[in-house]
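Everything on this sheet refers to the single structure shown next.
The values are calculated or read from the model by the stated rules, or taken from the named source; none is laboratory data. As the structure is a prediction and not an experimental result, all values here were calculated from the model. When we count neighbours, we look across all protein chains shown, and the Cβ atoms used for this are built from the backbone with ideal geometry, even at glycine. Surface accessibility is based on the protein's heavy atoms, side chains included, excluding ligands, DNA and RNA. Shrake-Rupley method; radii C 1.70, N 1.55, O 1.52, S 1.80 Å.
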Amino acid sequence: IEDLKTWKTEYEKVKGDLENLDLAVPTDKQLPEILVMIEAMAADANVAINSIQPTQQQASASQAQGATAVPVTISGSGGYGNVQNFVNNMEKNLRPVIVKNLNFGAQEKEGVTEVSQNFTLELLYAPKAKAQQATQQEETP
């Protein structure tokens, strides 16, 4: 019985970590959530999003490890500091964001330098079937 109490205590300690892991690397694309997340990060940084476009999925190294990427292309604009804050928001996000491509341009507009940006991002998810296969392969000697 003492072992059960110890295991229960350990489980309670890691339960929050497991929930965060499920949020960080979900088992499906969650495309609507991705779009809302990107819009919220941009709004927080005061960056105007001109377009968000999910793009065609390409095979990547992450797929070999049981994860699948959701590629998204974003174009937007804002002040230099605002764009920098947007990038910082992506870095701090619970769900990992991989920046695959990044292009910046700047122009003077009414005495203010406005930065336009184009990002190609990947957000990972681990489909249940792939996650189970990867786990089984790791356990097989």
query = Roughly what would the spin-label model give for residue 102 and residue 43, points 7 Å off Cα along C-beta, in nm?
reply = 2.4
ask   = Once fully extended, how much extra length lies between residue 94 and residue 9, figured as 0.36 nm per residue of separation less the alpha-carbon to alpha-carbon distance?
value = 28.1 nm
ask   = If the cut-off is a Cα-Cα distance under 17 Å, which lysines reach residue 13, setting aside same-chain residues fewer than 8 apart in sequence?
value = 5
query = On the accessible surface of region 75-119, probed at 1.4 Å, how many percent belong to carbon and sulfur atoms?
reply = 46
